[in-house]
1. Filter region 111-127 down to residues that are assigned to a helix (DSSP H, G or I) and at pLDDT 95 or above, then give me how many there are.
2. Among the helices (runs of 4 or more DSSP H) confined wholly to region 56-102, which include 1 or more residues that are at pLDDT 95 or above, among the small types (Gly, Ala, Ser) and under 19 Å from Pro129 (Cβ atoms)?
3. Would you check which residues across region 14-70 are closer than 14 Å to Phe159 by Cβ, charged (D, E, K, R) and within 14 Å of the chain's Cα centre (by Cα) and list them?
4. Consider Gly150 against the criteria (1) surrounded by 12 or more Cβ atoms within 10 Å (Cβ to Cβ); (2) in a helix (DSSP H, G or I): it satisfies all of them except one. Which criterion is unmet?
5. Can you tell me which residue within region 132-147, out of those that are outside any loop (DSSP other than H, G, I, E, B) and in contact with a helix residue (DSSP H, G or I) (Cβ under 8 Å, 6 or more places away or on another chain), is farthest from Gly32 (Cα to Cα)?
6. Tell me, which residue of region 90-116 that is within 14 Å of the chain's Cα centre (by Cα) and without any contact (Cβ under 8 Å) to a residue 24 or more places away in the chain is farthest from Val127 (Cα to Cα)?
7. Can you name the condition, by its number, that Ala162 falls short on among (1) within 20 Å of Glu59 (Cβ to Cβ); (2) in a loop (DSSP other than H, G, I, E, B); (3) touching a Ser or Thr at 6+ places or on another chain (Cβ under 9 Å)?
8. Could you check, for region 23-33, whether at least one of its residues is at pLDDT 95 or above, of a type in the set (S, T, N, Q) and surrounded by fewer than 21 Cβ atoms within 10 Å (Cβ to Cβ)?
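The values are calculated or read from the model by the stated rules, or taken from the named source; none is laboratory data. Quantities reported herein were computed from a predicted structural model and do not represent experimental measurements. For neighbour counting, all protein chains shown are included, and Cβ atoms are generated from backbone atoms with ideal geometry for every residue, glycine included.
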Amino acid sequence: MKPDNRPESSLNILEQIPLINSIMASHRESLGVDFTAYRNHCYRVANFCLALSDGYDAEQDKVAIAAAFHDLGIWTHRTFDYLGPSRLLVREYLVKISRVAWTDEVEAMVAFHHKLTPYRGNPAWLVEPFLKADWIDILKGGLKFGLPRGFVAQVLSVFPNAGFHRRLVELTMQRMKSHPFSPLPMMKW
């Protein structure tokens, strides 16, 4: 069922996703003062993606892993050109937890989460709902991709921004100074 046809009452917010918590805990030192901001972003993206994909059960682990790692390279590798480092981190993690079969899909979720046009790869994969979920959060609910306004507002309220968007603006400005012809290297057509 499409998200816009589903009653808002059928959408549940997952306030605890143990896999996100575990991954975040192992990277707490790298995240430093941005820990809560990034954790909340991951939870918002995961909740939006699961609602868009209608996958609260079967796909939750893939979404949680992609959410936890999709921007993590910013902090672990200290770079705003972070898609490569984030993809490497997710590949290593999937090997560690013996989920190598998920690598292509989860890595694509990370690689294409800033794609500006629809994802044309495997339609069964969660790439398109994941990139839409990230856009919902980055635009603070300005786009909803069919999710009910109340659900989006509730997710944004349960997981406050905690400075995440401000931090992205700071990082963008730093990148523009050092790479004026490539200020947003993560954007993909």
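1. Kept after step one, since they are assigned to a helix (DSSP H, G or I), are these residues of region 111-127: 111, 127.
Add one more test, that the residue is at pLDDT 95 or above, and what stays is 127.
So the count comes out to 1.
2. On the way: elements: 60-69, 73-76, 83-96.
So the answer is 60-69.
3. Result: Arg39, Arg44.
4. With respect to (1) surrounded by 12 or more Cβ atoms within 10 Å (Cβ to Cβ); (2) in a helix (DSSP H, G or I), Gly150 is out only on (1).
5. In the first step, residues of region 132-147 are kept if they are outside any loop (DSSP other than H, G, I, E, B); the result is 132-138.
Restricting the remaining residues to those that are in contact with a helix residue (DSSP H, G or I) (Cβ under 8 Å, 6 or more places away or on another chain) gives 132-134, 136-138.
Working: Lys132: 27, Ala133: 25, Asp134: 22, Ile136: 25, Asp137: 21, Ile138: 21 Å.
Filtering first and then ranking leaves Lys132.
6. Here the answer is Glu107.
7. (1)
8. Kept after step one, since they are at pLDDT 95 or above, are these residues of region 23-33: 23-33.
Narrowing the set further to residues that are of a type in the set (S, T, N, Q) leaves 26, 30.
Within this subset, residues satisfying the condition of being surrounded by fewer than 21 Cβ atoms within 10 Å (Cβ to Cβ) are 26, 30.
Yes: region 23-33 contains one or more residues that are at pLDDT 95 or above, of a type in the set (S, T, N, Q) and surrounded by fewer than 21 Cβ atoms within 10 Å (Cβ to Cβ).
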